[in-house]
1. Can you give the accessible area per residue of the chain, in Å², using a 1.4 Å probe?
2. Tell me, what % of the accessible area of segment 31-112 is carbon and sulfur with a 1.4 angstrom probe?
3. If I take all pairs of Cα atoms in segment 59-180, what percentage of them are more than 26 Å from each other?
4. Find how much the distance from GLU71 to ASP91 grows on full extension, using 0.36 nm per residue of separation minus their present alpha carbon separation; answer in nm with one decimal.
5. May I ask for the percentage of alpha-carbon pairs in segment 237-386 that lie more than 23 Å from each other?
6. If each Cα of segment 174-234 is one equal point scatterer, what is log10 of I(q)/I(0) from the Debye formula at q = 0.12, 0.18, 0.25 Å⁻¹?
7. Between segment 9-37 and segment 241-301, what is the separation of their alpha carbon centroids in Å?
8. What is the P(r) of segment 62-112, as percent of Cα-Cα pairs per 5 Å bin from 0?
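The values are calculated or read from the model by the stated rules, or taken from the named source; none is laboratory data. Nothing here was measured: the structure is a model prediction, and the numbers come from that model. Using ideal geometry, Cβ is built from the backbone for each residue, glycine included, and neighbour counts are taken over all protein chains shown. We work out accessible area using only protein heavy atoms, side chains counted, and drop any ligands, DNA or RNA first. Shrake-Rupley method; radii C 1.70, N 1.55, O 1.52, S 1.80 Å.
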Amino acid sequence: MSGDVADRATAGFRQRYDAEPAGRWAAPGRVNLIGEHTDYNDGFVLPFALPLRTVVAAAPGPDGRWTVWSELDDEPVEFGAVEADEPGRVDGWAAYVAGVVWALRAVGLDVPGARLAIASDVPVGSGLSSSAAIESAVLAALVDLGGLDLPTDRWPRLAQRAENDYVGAPTGIMDQSAVVRAREGHALFLDCRTEEVEQIPFDLDADGLAVLVVDSRAPHRHADGEYASRRKSCERAAATLGVAALRDVPTADLDAALARLDDDETRRRVRHVVTENQRVLDTVALLRAGRVRDTGPLLTASHASMRDDFEITVPEVDTAVEAALAAGAYGARMTGGGFGGCVLALVDAGAAERVAAAVAAAYAERGFAAPGTLTVLPAGGAHRLP
Ligand code: GLA
């Protein structure tokens, strides 16, 4: 899609509804700096928002009816309260919109009928949270249009419920939190149990650094089923260990906990989660001390843990990480749920192009489809556009 994303949403609205939108609301995609598969274990994550955004242009519509158009699709989707109240009735991309209506109605809010037009620069299926972006932008629009009494710190949980219970994907709270609560120039340190956040300064620009995001373009390999099975195995392990969640296993007790588990696969899953939580805490400590470059080895260790213990990487992402490190990145890791998606590399800003070229060359050598690359700085969360 070409042109500014907010302009595309407005143009789509005018063309589809022959009217002016009442407003436009934006929500970004995200990458996770570190802390993978820790969110649903009540642990810690450290994501930041991307400059790529989804924009919803919207205006009030007939009571109890929602019409939504997306540039992904020629035809708009229309649904009423009956369909919104029954998870699964609306499917495809529009399920994320119906899910938000459902989640708001489920907590007793009087969601206004609306017409919506959606445009997005967040690529779908790349692990950059295009789904949390659409959920959060729609949520922001409906809250404003209806004058709903819903403080933003409640938005992530509602958007997550839309995804878990309406769309049917058993994800954690990280993506929606990042998309809603992130602040420009900061990474969002989130305790997924208490939902407390701390904005950690992550001013890459001032340090002459950048994060290179590599889209591995790896074909989807049963990501949904694998995600759900990792989650189940963590929950089973927590039950065996007699804790509410794996977050309750302190690093110092890891060996003792592993000794109480009777299969090697579960031991590796637990080791990933416990060590990953510690790596988030260590990364936060380094960032607080202004030692951004020194976080590199933690990022790379996180990748090794996802590859060897949690077993969620694929050859394309491993290749991207190895090539980025060989080309001088301070650290590199896969980001997001796994089985493809994106890799991030912490690099000197001046070296980003060289590292990207090295990854592309390694891909060509292995016969993989060319990767996408993008240099990013931390952006802000969901908001209404002026
Ligand atoms: C996906 C999910 C998140 C989180 C990550 C893995 O992005 O949506 O909730 O579990 O995977 O860290």
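1. Accessible area per residue, the chain: 39 Å².
2. The value for segment 31-112 is 46 percent carbon and sulfur by accessible area.
3. On the way: 697 of 7381 pairs.
Above the 26 Å cut-off, segment 59-180 has 9 percent of its Cα pairs.
4. Taking GLU71 through ASP91 to full extension adds about 5.6 nm, to one decimal.
5. Values: 5169 of 11175 pairs.
Counting pairs separated by more than 23 Å, the tail of P(r) holds 46 percent.
6. Treating every Cα as an identical point scatterer, log10 I(q)/I(0) equals -0.51, -0.93, -1.02.
7. 35
8. Taking every Cα pair in segment 62-112, the percentages come to 5, 23, 35, 22, 12, 3, 1.
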